[in-house]
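**Q** One structure is given below, represented as structure tokens, and several questions about it will come after.
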Amino acid sequence: MTDLTLSQPRQGLPAWAGRLPVALLLAVAFGVVPFVGDQYLFDAILVPFLALSLAGVGLNLLTGYAGQVSLGSAAFMAVGAFASYNFILRIEGLPLLAGLALGGVTAAAVGLVFGLPSLRLKGFYLAVSTLAAQFFVQWALTKFDWFSNGNASGVITAPPLTVLGISFDSSVGRYLFSLIVVALLTLAAWRLTRSEIGRSFIAVRDRDVAASSLGISVLRVKLLAFAVSSFIVGVAGALWAFAYLRTVEPAGFDLDRSFQILFIVIIGGLASIRGAFLGAGFIVIFPLILSRLGQALLGDTFDSGVLENAQKIVVGGLIIAFLIAEPAGLSALVARLTRRNLN
Amino acid sequence: MDFLLEVLVGGLLSGVMYSLVAIGFVLIYKTSGVLNFAQGAQLLFAALTFVSLVEREVPFVAALAITLGAMVVIGLAIERFVLRPLVNQPPITLFMATLGLSYVIEGASQLLWGAQVHGLDLGIDDAPIEAAGIFISQFDLFAAGIAGAMVLALVLFFRKTRTGLAFRAVADDQVAALSVGIRLPRVWVAVWIAAGVVALVSGLLWGARLGVQFSLSLVVLKALPVLVLGGFDSVAGAIVGGLLIGAAEKLAEVYIGPLFGGGIEGWFAYVAALAFLLVRPSGLFGQKLVERV
């Protein structure tokens, strides 16, 4: 892992100035976007963007801040989604948000179990071990139809999104619902990274021996990182299932999804909350642009198979190019650009 | 008892197939510290190229030579366009780059040769033969023979040639290797080419077994638990790990699987490797790179 320093407050500016862009963004997201956006923007771009951003934030706590690489994020998303679904289905009158929270708690518990190898393994050994979660969870959810209330192929359908009697089932509603959940959890995650716990994550990542000699319990910190991260990723999975897809099967949370979340974190920038949003934006919007571009340039001369393979090549190539050009991620790029503008 | 033995032998032989893929990983990890996820894509590309050439009436040996040439070109390109610009980046960045690489190679090989399933006949009879009262697949024996020959060749290469010596020096200590005048980029090119050759051999064997198609690139997922068990940097570990995982997986499939209603082969190897590592964190033969926490 690279040694990243803690972010310093910008000198010469009052503390609130640094938070201004975020406040502005939130104001626009709550106050302007719901009135000007159309259904396509909400359903196909913003809602998946929000869910993936949240998953990115969750994984970033684990990988970026605590330095433990996980290739099993989609498994924890699946646990969150299926657990929320079952809590809401099986407990009469359970509020939706409580169901989401319980789904997150279940994901955290599962994350804790699959985080146990981190006590003895490091680096790629640990990363590969987290694949155990990926394959086991997907298998269990498909194999035992109890999880999907008796559906043979494991498909679940989202419960109605109603909070305190207000229905969020329209396109705008699903967007606002996701936005509220994501904003709250992101705030919590951001506070966490600035707290003693967050600093102990960074200490364990940068030098575990030094951390333990400072009195930080490395084992507890690692497990805590797995639990907190899995909680957030689990809620993100529930959002993905309930607000975005509406009907979801375990196959939707496959290894490719795990890699996608990891891409978001790497492309956005490790140990950066902002990076998770930038990375998710890139991952959601980029394929849309690419397929539009492909259609515009090539028309219908090629069949979808060719287009798909061409897209794969371009995406893969761009990932490599991106890693070469900006290894610290979009977040570093943005930081550099804004600093230049301020000076 | 015979049945148990038959399952065991079958498992060991399929473990050899896992080892084949794992060796490709080990070669690259040992010398450059990169966990090359694109190994599966390379394997797919090699098998697909070979089988498509053979279907176009190219003679066997010529097809083999052309595919080999392609693997060399790919190795050169990877070193030049991916590894060299990313030198000194953290391992996770390099891993991500190989993920990107695997997309590129998968997309390119299917764009080039199409996505349909090809049968690959290496001319080996898959009829089981009887030995000491148990049935063994002839093809598996052949694969084991090839794997053995390849390992022997690798060992000789590492021990007896100058390039092999350079490989070992780089694996041991990159800075020290640089300071005695070993050219790191050249070693990397050579090692990626070597991994390409391993990919070709394992691609042909796996292709003959499963049919040459996209899912061939997923055999990397079979090799990863072997690597965790055997150690990312040990050829011997890849072999023994492969045998252990293969045998454990087959036994579990037969004796434990039915308790869960089957289908456990997707995750059993990972859980088995994990359980083993909780006892012995550095794997079977891995160097003590995995520090105790």
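**Q** Mind checking which helices (runs of 4 or more DSSP H) fall wholly inside the range A:13-100 and carry at least 2 residues that are under 22 Å from A:F135 (Cα atoms)?
**A** A:47-60, A:73-90
**Q** Next question. Say whether the condition of being at pLDDT 85 or above, touching a strand residue (DSSP E or B) at 6+ places or on another chain (Cβ under 8 Å) and not aromatic (F, W, Y) is met by at least one residue in the range A:231-253.
**A** Checked against the condition, which is being at pLDDT 85 or above, touching a strand residue (DSSP E or B) at 6+ places or on another chain (Cβ under 8 Å) and not aromatic (F, W, Y), the range A:231-253 yields at least one hit.
**Q** Which residue is least open to solvent (accessible area, probe 1.4 Å), if the candidates are limited to the range A:132-171 and must be polar (S, T, N, Q), within 14 Å of chain B (Cβ to nearest Cβ) and in a helix (DSSP H, G or I)?
**A** Only one residue fits best here, namely A:Q134.
**Q** Taking the criterion of being modelled with pLDDT of 80 or more, within 30 Å of A:F322 (Cβ to Cβ) and open to solvent by less than 10 Å² (accessible area, probe 1.4 Å), would at least one residue in the range B:155-170 satisfy it?
**A** yes
**Q** Give just the number: which of (1) over 23 Å from A:F177 (Cβ atoms); (2) more than 12 Å from the chain's Cα centre (by Cα) does A:T247 not satisfy?
**A** In the conditions (1) over 23 Å from A:F177 (Cβ atoms); (2) more than 12 Å from the chain's Cα centre (by Cα), A:T247 misses (1) alone.
**Q** From the list A:R246, A:R274, A:R257, exactly one residue is of a type in the set (K, R), surrounded by fewer than 18 Cβ atoms within 10 Å (Cβ to Cβ) and either without any contact (Cβ under 8 Å) to a residue 12 or more places away in the chain or more than 12 Å from every other protein chain (Cβ to nearest Cβ) (or both). Which is it?
**A** Sole residue among the options that is of a type in the set (K, R), surrounded by fewer than 18 Cβ atoms within 10 Å (Cβ to Cβ) and either without any contact (Cβ under 8 Å) to a residue 12 or more places away in the chain or more than 12 Å from every other protein chain (Cβ to nearest Cβ) (or both): A:R246.
**Q** Turning to a different aspect of this structure: Step by step: first the residues of the range A:97-115, then only those that are closer than 19 Å to A:G165 by Cα and open to solvent by 10 Å² or more (accessible area, probe 1.4 Å), then the one that is nearest to the other protein chains (Cβ to nearest Cβ). Which residue is that?
**A** Only one residue fits best here, namely A:A101.
**Q** Which of the following residues is part of a helix (DSSP H, G or I), touching a residue at least 12 places away in the same chain (Cβ under 8 Å) and in contact with a Lys or Arg (Cβ under 6 Å, 6 or more places away or on another chain): B:G24, B:G11, B:G15?
**A** None of the other options fit; the residue is B:G11.
**Q** In the list B:L200, B:L152, B:L224, which residue meets the criterion of being in a helix (DSSP H, G or I) and open to solvent by 30 Å² or more (accessible area, probe 1.4 Å)?
**A** Going through B:L200, B:L152, B:L224 in turn, just one is in a helix (DSSP H, G or I) and open to solvent by 30 Å² or more (accessible area, probe 1.4 Å): B:L152.
**Q** Could you tell me whether B:A115 is within 14 Å of chain A (Cβ to nearest Cβ), at pLDDT below 75 and open to solvent by 40 Å² or more (accessible area, probe 1.4 Å)?
**A** Criteria met by B:A115.
The values are calculated or read from the model by the stated rules, or taken from the named source; none is laboratory data. Here the structure is a predicted model, which means the values were calculated and not measured. We place every Cβ from the backbone using ideal geometry, glycine too, and count neighbours over all the protein chains shown. The accessibility values were calculated without ligands, DNA or RNA, using every heavy atom of the protein model including side chains. Shrake-Rupley method; radii C 1.70, N 1.55, O 1.52, S 1.80 Å.
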